[in-house]
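Worksheet: one structure, shown below.
The values are calculated or read from the model by the stated rules, or taken from the named source; none is laboratory data. Bear in mind the structure is a predicted one, so any value in this text is a computation, not a measurement. Note that each Cβ is placed from the backbone with ideal geometry, even for glycine, and that neighbours are counted across all protein chains shown.
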Amino acid sequence: MSTTTPDPLATRPLGRTGLSTTALALGTSSLGGTTIPPAHDVPEEEALATVEEVLRRGITHLDTSNQYGDGESERRLGLGLRRAGGLPDGVLLATKVDPLPGSDDFSGARVRRSVQESLERLGRERFDLVHLHDPERISFEDATAPGGPVEALLALREEGLVGHLGVAGGPVDLLRRYVATGVFEVVLTHNRLTLVDSSAEPLVEDAAAAGVAVVNAAPYGGGMLVRGPDEVPTYCYRPAGEDVLARVREMQRVCEEAGVPLAAAALQHSLRDERVAATVVGMSAPGRVARTLELARHPVDDATWARLEELAAPGRAGVGL
Ligand SMILES: NC(=O)c1ccc[n+]([C@@H]2O[C@H](COP(=O)([O-])OP(=O)(O)OC[C@H]3O[C@@H](n4cnc5c(N)ncnc54)[C@H](OP(=O)(O)O)[C@@H]3O)[C@@H](O)[C@H]2O)c1
């Protein structure tokens, strides 16, 4: 019986950027409330208390984007950071560039405005890391064309407003194309390196070969793997298929027999993957922070891992995202 658990507060290098991150990072897509399933409101004070608690506990990577909550996530995160006396030394604040809410303008000019808006909301003069966000919204050709978002990001890096570039999105093969450009030092994948979907494996291999850091977001698939499939029957923000629900229920049964919360296995599945620099968990209530650290440290024995890995194996084919 092995009870070795990952240390969620251990510092890991972020690829070749020279930056570092704790193994656990804060995800803020719900910090301003969200209409994406599982939709929920978040009172501002709860959001600010969450930021305070994250910093107090020693988590050193905050992940946000221009568009989360139509900018409300960044606004609250900025307020939380101001209340904390500014971004503490050694804490990595990463944001992402987006079109204006409701618009499909992902031009280079929009990317510049997106970064300016984020700098203002977050009270910063520059960012260490900015991701191109959900590039599946435009074609690879448009993204890399003159006047497009990639050119603008390179210019922003050249000008010093941005230290390092990342690409954050869903479709694995598209992200592999971005990694192959050599422009990006970080790739953020979501919902595709979890207990039920490991279709990001080829991307992770490419990234390792290229020295690109992997950030793994949404280890709970957006909530199902922490609250269970009865309460959250969605995976990656959409209704989950019967096969996914059945596999997760079986994983839940295996975990229950072992006295392990399913969420502990889901979180540690990512945290213990040495190819992953940081695992981004969405938290928008202060109590979540201590609970997440507990889940990260909950012992899981080898026999339980072996049974879970068997149930996880079909996830290599993905869940059809
Ligand atoms: N394209 C992209 O770049 C992209 C895509 C997806 C995600 N991300 C990043 O990754 C982060 C994580 O993804 P995610 O938030 O969608 O999914 P997730 O981390 O898999 O799950 C977060 C959800 O689980 C809930 N939760 C967390 N801990 C819990 C606990 N101990 N008990 C009960 N519920 C708990 C959260 O609720 P509360 O909100 O109520 O705390 C939230 O609804 C995002 O916030 C974002 O920063 C990036």
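Summary table below
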| item | result |
| --- | --- |
| Some residue of the range 22-40 being more than 12 Å from the ligand (Cβ to nearest atom) and touching a residue at least 24 places away in the same chain (Cβ under 8 Å) | yes |
| The listed residue being touching a residue at least 60 places away in the same chain (Cβ under 8 Å), of a type in the set (A, V, I, L, M, F, W, C) and on the phi < 0 side of the Ramachandran plot, out of Ala152, Ala168, Ala180 | Ala168 |
| Test: residue in the range 133-148 that is over 25 Å from Gly318 (Cβ atoms) and within 16 Å of the ligand (Cβ to nearest atom) | no |
| Residue, surrounded by the fewest Cβ atoms within 10 Å (Cβ to Cβ), within the range 183-233, restricted to residues that are under 27 Å from Val130 (Cβ atoms) and either among the acidic types (Asp, Glu) or without any contact (Cβ under 8 Å) to a residue 24 or more places away in the chain (or both) | Ala209 |
| Filter pass, Ala168 being under 30 Å from Arg297 (Cβ atoms), within 14 Å of the ligand (Cβ to nearest atom) and touching a Lys or Arg at 6+ places or on another chain (Cβ under 7 Å) | yes |
| Some residue of the range 252-262 being in contact with a helix residue (DSSP H, G or I) (Cβ under 7 Å, 6 or more places away or on another chain), more than 15 Å from the ligand (Cβ to nearest atom) and assigned to a helix (DSSP H, G or I) | yes |
| For Ser65: the one exception among (1) at negative phi; (2) in a helix (DSSP H, G or I); (3) within 12 Å of the ligand (Cβ to nearest atom) | (2) |
| Matching entry among Thr64, Thr35, Thr3, Thr11 (being crowded, with 19+ Cβ neighbours inside 10 Å and either modelled with pLDDT of 95 or more or out of contact with any Phe, Trp or Tyr (no Cβ under 8 Å at 6 or more places or on another chain) (or both)) | Thr64 |
| Within the range 263-321, tally of residues that are under 23 Å from Leu93 (Cα atoms), acidic (Asp, Glu) and within 16 Å of the ligand (Cβ to nearest atom) | 1 |
